[in-house]
Every structure is written in C-alpha cells, then in structure tokens.
Amino acid sequence: MNERIKLLREKSLDAEPYMTHQRASLITDFYQSEEAKNCSIPVKRALAFKYIMTHKKICVMKGELIVGERGLFPKSTPTFPEISLHSLEDLEQLNNREKQYFIVDDETTKVYKEKIIPYWKGKTIRERMFNDLPEEWKSAYEAGVFTEFLEQRAPGHTVLGKHSFKKGFLDLKKEIALAKSKLDFAKDIKALDKKEELLAMDIAADAIIEFARRHAEKIESIIQKETEPERLSELKQMYQICLKVPANAPETFWEALQHYWFIHQGVITELNPWDSFNPGRLDQHLYPFYKKEIEDGSLTIDRAKELLMAFWIKFNNHPAPPKMGVTAKESSTYTDFSLINVGGVKEDGSDAVNELSYLILDVIEEMRLLQPSSMVQLSKKNPERFIKRAIKIVKTGFGQPSIFNTDAIVQELLFQGKSLEDARNGGASGCVETGAFGNESYILTGYFNLPKILELTLNNGYDPRTKKTIGLATGDPSTFETFEALMAAYEKQLKYFIDIKIKGNNLIEKLYAKNLPVPFLSLLVNDCIEKGTDYNAGGARYNTNYIQGVGLGSITDELTAIKYHIYDKKSLTYETLINAMANNFEGHEALLDQLQNKTPKYGNDDDYADDQTRRIFNIYFNAIDSRPNTKGGCYRINLLPTTSHMYFGSVLGAMPDGRLAKEPLSEGISPVQGADRNGPTSVLKSAAKIDHIKTGGTLLNQKFTPQFLADDKGIAQVAQLVRSYFKLDGHHIQFNVVTAKTLREAQAEPGKYKDLIVRVAGYSDYFVDLTVELQNEIITRTEHKNLN
Amino acid sequence: MLGVISNIQRFTVHDGPGIRLTVFMQGCPLSCWWCHNPECIKHHNADDNSEHLRYNVKELMKEIRKELIFMDESGGGVTFSGGEPMMQPIFLSEILDACKKEDIHTAVDTSGLVSTDTFDSLVDKADLFLYDLKVIDNALHQKYTGASNTLILKNLKTLNDQQKKVIIRMPLIPGMTDSKQNIDDVIKLLSQLSNIKNINLLPYHSIAEGKYTKFNIPYKMKDVKVLSEDKITEIKNLFTNAGLNASIGG
C-alpha cells in the first residue's frame, strides 16, 4: 500500500470508538420542531432523515479519496434514541466497560441528561415493545430461551443489488413519480398510505443528494487552501464526483465507489439496521466500470487498488453502534457485518470470477482490517486458482475471507421460491445469511437456544435458573419409557416457545412498520417504490424472517448421551443424571467421564450421534419453515450464533453431554469444542448430514495450524476439503489459522498481540477485544493438523 | 477373516497421493530404533489386550467409504501401514480386493520383510507401494532394525521387475542411515532398479518419544539430534544429482 493509504489506515486503526450525540441531538431537535407536527409518520421519518443529512457535520480528511463519515470523525458513532435510549448508567458503562467500550465525554453525557433522555424517555420502540409483549415472552427472554434482535437495532439485513449501480437518485425520483401517477385512489384502499410513503421516499432521495452536495461544498472550501498540485487536481475530481453521484448513476470506478459510500451513509444514518449495509457482489458491480476504464486507459490497476483500499478504510471507520444488555452479549463485537462478496456465478449461471475478483483479494490481504468482512463465493464453475488464492489469504491467519458455496446458495434461494436470476445475483451477508441481493428483506429476529429447550423438558417446563415454570408440563422424564417419548416432549416444548417467539415477532414487526418506516432504505430494494410500500412493511420483493438456531452440536451430544446411556445401554437413570446435573457433576466424576469421553459425539461421522443432529434439525425446520410473517413473506431457519453461544451457555446449567454449567454451547453447526476426534473430514461429513439447502445459512468453523498450510500441497488439500464439503451441499466454512499456543500467549500478554485478528463466528475480531470466556472458547475449538 | 488394527487415521496427506485414510495394522517383523509407531510393533495373539481394533472386511470398507468424497476430490485413497500390513496377508489381500472392486486407490506402506510367496501374492493387488529402505549394509541393518535385509532387497527387485508403482521411503536417521556410504549404497541400488525413481526422504524427528513413555517401551534415540535443514538439502541433492526424483517428507 502507498503512503497515503498507510496513513489513512493507521488513522483508522488508532481511532478510539467514541459515542457522539450529534445524530441523537439533531433528531430530537427535529422531532420537537413545528415541521414534525402535522405530517404522516413516513414523511416525518423522511424529514427527520433529511434534517440530519442537512445538518450533520461534514468530514473530509487529509488524503481521502472516498468521503463520508457517519459520526464526526473515524469511529465516532451515533446513537438512535427513537429505537433504544441509553440511560446515564449505560453511558457510564459504555465509557468504562473493558470490552467494546465507547468513549463518552462530559458533553455527550450533559446533552443526554438535559435533552435526549427527557425527550425520548417513554417514546422509544424498545419501551413500547417491552410494554406490549406478553409475560410468557418476557419470561422466555429472561430465561435465555431466545434473544430479540430488534430491541436495540432496526431490521435491515439486506444488501445492495446491481441495479443500484446503474441508477442515480434522480432516476429513482422519476420512478417514484411514476408510481405515484399510477395510484388508484378509487379502488386501492391503501393508495393514501402509499402516497405518503412515496412522498417520504422522494424526500429521502433529496436528502442524500443534498448530503453529497454538502461534501462538494466542503471540498470546495478545502480546494481554496490547497497548494499541492496533485492533491488539488484530486480534490477537483472529488468535487465533481460529489456533485454527480448519487444524484446520477456513476460512470467511473471512482464514482461507483463514492456512489455506494453515500448510499451506505444514508442507510446507517437513517436507522441502525443490523449488519449495517453492504455493497454485496462488489467484483460484479464494479467490473463494467473497471473494464471500460482499464481498456481506455483512464484507470490504472494501481489506482483501482488504491481506491478500493480507501473504500475499505471507510468501513473500518464505522464500528457497530453501542449495544447494551443481551444485545451486547449476543453480538459482542465492534464489527458491523458488512460482508463483501467476491466470485460466484453471473446471472446467466456462468463463472463470475474476473480480474477484479483477484484484485479485491489482494486488497483484503494487504489491508488486513476487521471491517469490511469479506468472503469468496465458490461455485463448482470457479477456477481452482481462485479458491487457492483465497486460502493463501486465509493462511495469513486473520480469518478472512470466509468461503461460501454458491451452488448451495442458489439452491437455497430457489427452495425459498426466488427466481433463478434473483438467486444467481444473490449471496451471503452478515455472518452467513443467504439473500437475494437488492430484492429481499431477510430479517434475523433472534437466536434460539436449542439446548435450553432440553433443560426445560428435563425439568418438566421449569427453569432452574430463573426459578420459574415457563414451559409446558411435558411430564417427568423418568416416565418416558422410550427415547421417542423424550423426543416428542422436546418437540412439543420447542414448538411452544417458537410460537411465543413468533407472536412477539408479529407485534414487533408491526411496531416498526407503523412507527419507524425507512423511506431511504426502501429506495434501494426492489419493489418498494413500485408497491409504494416501506421496506419495514413488506415493500421488498421477498420478505423473509429468520430465527437462528444455536447449539446444534451441543443438543446432539446431549440427546445422544441420554439415548446411549439411559435407553440403549441402560446404565443410567434419569434420576441419577438429573441429580448429577443439578450438582454440576460434583461428586459424579465417573459419570462425567463416561458422558464426556465414552459417549458418541457429533463431529465424528458417527451416525449414532449424527442421527440426532438430523432429527433436531428436522424438528426445528418443521416448527418454523414456511410460517407466515406480517409482511407477506414467511419464516425460514438458519444456524449461526455470532456470540450468542456464549450467552446461551451462561444461562444453562450442566447438561447430559457432560458440559458444565455456564460453559459455552457449540457454535454454528460446529461440533462441541474438542468433541471431534477424527479430524476435519469427519467434521465435514457430520456437518453435511443436515440438509443445508433447506436453510438460509449455516456456519462451520475449522481450525488449522499454520504449518499445515505452509506449502502449496497443504493449500491444495484444504481447497479439496472445501470442494468436498460443498459437493455435499455444505453452505459455508471458515478457518482459523493460528496456534492455540499463540492465542494463549496473547491472552497472557494482550499488549503484544493487539493486532491479532481471529475468526469468531461469521466474522473476525481482535482477539484481545474478546471476552475472556470467548477467548477460551476459541482456544478450545479443535486444532486440526496432520498427526503423522 | 478379521484384521487387527491399531488405529484408523482420517485425512492423512503424507502416505501417498491426495487425501487418504490410513489403516495402521498391528504387528511388525522389525524393531527399528527410530520407529514412530512402536505400539504397532507387537504382534497380536489370541488373548491380546483389547486396545486393538478388530475389523472384518465389510466393516472396514464401511469406514473407508465414509471418506470417498474426499478421496475422489483429491485423487486420494487408502493406505495400509503399520506395523507391517503384510503380516496379515489374508486380511490385506481381501481388503485390497474389496477396494479394487470399488475402484478405490490403494497404497501399501511396507518394510518388505515378508516371505517371497506372501509378497508375490500381494504384488498385483495394490496400486502403489510405499517401500521402506533403511540401511543397505546388512550387518548395520541387523543392528538398527533387528533383522536382515536380504528379503527386503529381493522383494523390492520383484516390484521393479513387474513395473509396479513404487515410492521409496527412506528415514534419515543421524548416525544410522544418513552416512555417505549408506546414501551411496541406496543410490547405487536404485540405479540398478530401472523402474523405481521416486524417493521420499523422511528426516528424523522426536515426536514419537512420548509414545515410548506412554507404552513403556525403551527409547534408544534419546541422544539423537535432528538434522539441520542444510544437511537435509545436501542429502536430497545427492539423490537428485543421481537422477532420482527425491522429495523431503511424504
């Protein structure tokens, strides 16, 4: 990287996460203004957005090529009090907490105390949500049966499609006018609502154009003082670019990047949607610009690379907004999950890998940043050198890029009813979530604790931790004559809680649809404009809801232990087992050894255990898949944890597989940490026994020692492992290439390992930023190496 | 017929081409000082301890088939190692036939110390032989491995004459197999075997020491130091210069 990029990168790395009250103040001002009164909710939201975009401070830094900061400067992060209000105690905690802290200065605290809190208290979505949700929902939430994704962050979970690189917001305004002209106020009872929504979208389009214009204005003022001729010429170009995009469609590589970045700013300022926002298939979107300019000589490869690097740094400047409580536990990271897709197939099904795909991989390797996350889509049609190039980056040990199976993704989307073209234009976002980019709202609604359901079943509906009966009385397990009886009780219990979760989701979705429409985001996703309907109200072409299952490996091993010892070998009774679990296996060391070491386990390609994996998968799938949501779409399942496997473990007592109380659950679809003893091929085989095509994403972690990947032979073999897993329809695999020894050293001397990045679950993070529990969990995950 | 097996290892990548499954079979006629699998040396008998696994062909094939997807993707297969797999010739013959029937690539990692009749009966059954060659001087061979190498050299010639695919595996043991004399002897031998040109040099490492302690077997290699990178390259070059296709490791 050149000197400029080096400086910008260092600035980004050195910046400390800071909480700014700017957005909260501006939106409070607006909500209290005359303008905010007497208008519909969508229009009010659009005007609020416009107010922020017109008044927020514009940041253009020295040497920058891509401009736009959500806060005041890099890592200055706003809050969203209309969703969830930080209390003064929260601010203190944010400032003082050891992990994922944000600097909160006296001014911010003062503004919060005097202005933000007095205005928003009692008005936030979070408060309304918790007021309206039924007791049974709250009990399950407190017990840790599930989490709620939308309590502190807005629905989003979407990715930009290719059409957005071909249109400017002036074009979108024309589409809005057209949609408006087609409204039939006589026959369509929703026409008036649609008119308001379209008006809101139109205001939002103006807002982003104005935001870009203000950057041009700022750049113009810098031009006045600039003396260095090269920079001056650059600034003049940037000035022109900011006047052109996103109002008009981009025509150059540079314009395309800046175009996206303004859009990104809009989405993450309007609200704080999960997974921030994402340009999606970047090598595909940018390639037409790249090819044209490389061919006509107006762009060099070095310049393209420099621009991409400048673009990368912008992502890294934007940590996830400050999370509290359960949200902070389930997603304990600064990463905001913008996952760049590279590779895969084109709309016509052919190999999509191009020169730019490789250039982007170079950028990923050289930048070595936490954000954006990156992944390669690997289709059977992609060349071998593509996957090998990716693995060579993986080998450098910062967990990126992760590797996804394009052929599975396409099938998953087809299974969900998407068109073939929409499926091929899709990919994965967030951690591993499958989506039809540009066309779909696919909301993650919360994690679901699969082992907790077993604990409740074994306790006849009673939760030992919160000391409340929260589940169904499915019977005293000692009366279960057969393993089937236990499974039937488990299934009944699981369905009961899924119903509670979905009832809650229905309520929460309606709250967002009615009170927090997102006219700006709605401009970006097909077919919101055409339908005159907001993204949060079902405007997208496809509307999917997910409930993310957690602890597949753990629940498999727990059920397998019961089947093996109680029913098949008849060497154990429920009474003894439940008593031992209640005592956290203290005084039951022999039993603990049996359960931990002499019982079939998931991850060893052993059908005795893996049959339970299939059954749980099917029970979970059948309880959720195809159930309708409030937006005309339906529910699907996926299996990923972010960091919720830590939280869900912390609310769970000792379990039948010999897992002690409070210890983490298995993550994603990986085996229980250390339970896989036959090496990576067996793990892949076990993991492939569930039907990945029926999910919207699964997450599998594998760990290799750096020595294994030392030579080309090792790299080829890992590529073969990946290809084999993908032949079996595996959805995703990611690698941690670092020794347990290094991690232990980093734990002991964090100061020396500040830059050590590891793969967590669907994203990478600085090892020293992880909680000690999560650090230990990562160390325990099996380290595969060749033993011969 | 049951095979007595000390271990089945998946995802082996140094015992022949591609991703393989290696079956370590129990029992070995040699007792090399540097053996990495000393627990496999002891020959099994009827009232042997239960540490060893016993598989019939059908069961073992079931285990092998589990890895087919990886074998197919990588051009891998199954390797029978040990111990000395040819010490269980009937079982080995049956399992090799079963693999051939299912078009699964097989390799036999052998010391070559088996009777000519037995050896000849197995020669056509495997796709590849990983053939251990240690010391050419018979007296030294006797000293370090506990057996004469006459049969070993004879059986190797059979493989050559029948144009079988062979990779020579030579452990580089400081002071035992790495002498100039021994290297020259090996080169000379191979120059007479026109069909055998591939040799893997396996530098000594002390990873197995823990096994000796674990299985309570006397360890004779305590004072042996590992070879330097330079020395290893120097030896490799001797083979390369003699027109052999030499590589370090498997």
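The values are calculated or read from the model by the stated rules, or taken from the named source; none is laboratory data. Just so we're clear, the structure is a prediction, and the values are computed from it rather than from any experiment. Please note: Cβ atoms are built from the backbone with ideal geometry, for glycine as well, and neighbour counts cover all protein chains shown.
Values for this structure:
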item	result
Answer residue from the stretch A:683-711, given it is free of Cβ contacts under 8 Å to residues at least 40 places away in the same chain and out of contact with any strand residue (DSSP E or B) (no Cβ under 7 Å at 6 or more places or on another chain) and is farthest from the other protein chains (Cβ to nearest Cβ) among those	A:A710
Filter pass, A:D676 being closer than 21 Å to A:G430 by Cα, assigned to a loop (DSSP other than H, G, I, E, B) and either over 19 Å from the mean Cα position of the chain (by Cα) or within 14 Å of another protein chain (Cβ to nearest Cβ) (or both)	no
Search result, residues across the stretch B:23-38 that are within 14 Å of chain A (Cβ to nearest Cβ) and either touching a residue at least 60 places away in the same chain (Cβ under 8 Å) or basic (K, R) (or both)	B:V23, B:C35, B:H36, B:N37
Counted residues, the stretch B:8-17 - those being among the β-branched types (V, I, T) and either part of a loop (DSSP other than H, G, I, E, B) or at the interface with chain A (Cβ under 7 Å from one of its Cβ atoms) (or both)	2
Filter result for B:D223 (surrounded by 14 or more Cβ atoms within 10 Å (Cβ to Cβ), farther than 28 Å from B:V123 by Cβ and of a type in the set (D, E))	no
Test result for A:E412, surrounded by fewer than 23 Cβ atoms within 10 Å (Cβ to Cβ) and either farther than 25 Å from A:R70 by Cα or of a type in the set (G, A, S) (or both)	no
Unmet requirement for A:A186, which otherwise passes all of (1) in a helix (DSSP H, G or I); (2) without any contact (Cβ under 8 Å) to a residue 12 or more places away in the chain	(1)
All positions within the stretch B:129-166 that are of a type in the set (S, T, N, Q) and either surrounded by 14 or more Cβ atoms within 10 Å (Cβ to Cβ) or in contact with a helix residue (DSSP H, G or I) (Cβ under 8 Å, 6 or more places away or on another chain) (or both)	B:N138, B:T145, B:S148, B:N149, B:T150, B:N155, B:T158, B:N160
Count - residues of the stretch A:740-762 that are assigned to a loop (DSSP other than H, G, I, E, B) and under 22 Å from A:M367 (Cα atoms)	6
Breaking point among (1) touching a Ser or Thr at 6+ places or on another chain (Cβ under 9 Å); (2) farther than 30 Å from A:Q717 by Cβ, for A:S666	(2)
Any hit, the stretch B:171-182, residues being among the aliphatic types (A, V, I, L, M), out of contact with any Lys or Arg (no Cβ under 8 Å at 6 or more places or on another chain), assigned to a strand (DSSP E or B) and in contact (Cβ under 8 Å) with a residue 60 or more places away in the chain	yes
Selection count where residues are touching a Pro at 6+ places or on another chain (Cβ under 7 Å) and among the aliphatic types (A, V, I, L, M), scope the stretch A:623-656	3
Residue match in the stretch A:646-653 (condition: assigned to a loop (DSSP other than H, G, I, E, B), in contact with a Leu (Cβ under 8 Å, 6 or more places away or on another chain) and at pLDDT below 95)	no
The stretch A:150-182, residues that are hydrophobic (A, V, I, L, M, F, W, C) and in contact with a Phe, Trp or Tyr (Cβ under 6 Å, 6 or more places away or on another chain)	A:V159
Criterion violated by B:K197 - all others in (1) closer than 20 Å to B:T110 by Cβ; (2) in contact (Cβ under 8 Å) with a residue 60 or more places away in the chain; (3) among the basic types (K, R) satisfied	(2)
Boolean, A:V651 is within 14 Å of chain B (Cβ to nearest Cβ), at negative phi and crowded, with 19+ Cβ neighbours inside 10 Å	no
Residue in the stretch A:252-265 that is surrounded by fewer than 22 Cβ atoms within 10 Å (Cβ to Cβ) and outside any helix (DSSP H, G or I) present	yes
Of residues in the stretch A:469-498 being polar (S, T, N, Q) and buried (at least 21 other Cβ atoms within 10 Å of the Cβ), the one farthest from the chain's Cα centre (by Cα)	A:T474
Yes/no for B:I5 being away from chain A (no Cβ under 11 Å), under 26 Å from A:L684 (Cβ atoms) and not polar (S, T, N, Q)	yes
Hey, B:I248 within 22 Å of B:H14 (Cβ to Cβ), in contact (Cβ under 8 Å) with a residue 12 or more places away in the chain and within 14 Å of chain A (Cβ to nearest Cβ) or not	yes
Test: residue in the stretch A:721-733 that is buried (at least 18 other Cβ atoms within 10 Å of the Cβ), more than 11 Å from chain B (Cβ to nearest Cβ), farther than 30 Å from A:T544 by Cβ and of a type in the set (V, I, T)	no
Whichever residue in the stretch A:266-309 is among the aliphatic types (A, V, I, L, M) and under 25 Å from the mean Cα position of the chain (by Cα) and, among such residues, is surrounded by the most Cβ atoms within 10 Å (Cβ to Cβ)	A:L308
Candidates B:R20, B:R54, filtered to the one that is farther than 30 Å from B:K220 by Cα, more than 18 Å from the chain's Cα centre (by Cα), of a type in the set (D, E, K, R) and more than 9 Å from chain A (Cβ to nearest Cβ)	B:R54
Failed item in (1) within 29 Å of A:S84 (Cβ to Cβ); (2) in a loop (DSSP other than H, G, I, E, B), with A:F211 passing the rest	(2)
Cβ-Cβ under 8 Å pairs, at least 6 apart or on other chains, the stretch A:479-502 side acidic (D, E), far side part of a helix (DSSP H, G or I)	A:E491/A:I619; A:E491/A:A623
Residues of the stretch A:577-612 satisfying the condition of being acidic (D, E) and away from chain B (no Cβ under 14 Å)	A:E586, A:E589, A:D593, A:D611
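This table checks each residue for (1) in a helix (DSSP H, G or I); (2) surrounded by fewer than 20 Cβ atoms within 10 Å (Cβ to Cβ); (3) within 14 Å of the chain's Cα centre (by Cα).
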{"site": "B:L60", "(1), (2), (3)": "yes, no, no"}
{"site": "B:T79", "(1), (2), (3)": "no, no, yes"}
{"site": "B:I90", "(1), (2), (3)": "yes, yes, no"}
{"site": "B:E94", "(1), (2), (3)": "yes, yes, no"}
{"site": "B:D97", "(1), (2), (3)": "yes, yes, no"}
{"site": "B:K100", "(1), (2), (3)": "yes, yes, no"}
{"site": "B:D103", "(1), (2), (3)": "no, yes, no"}
{"site": "B:V108", "(1), (2), (3)": "no, no, yes"}
{"site": "B:G112", "(1), (2), (3)": "no, no, yes"}
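Conditions tested, residue by residue: (1) closer than 21 Å to A:K418 by Cβ; (2) outside any helix (DSSP H, G or I).
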{"position": "A:K323", "(1), (2)": "no, yes"}
{"position": "A:I340", "(1), (2)": "no, yes"}
{"position": "A:D348", "(1), (2)": "yes, yes"}
{"position": "A:L359", "(1), (2)": "no, no"}
{"position": "A:E365", "(1), (2)": "no, no"}
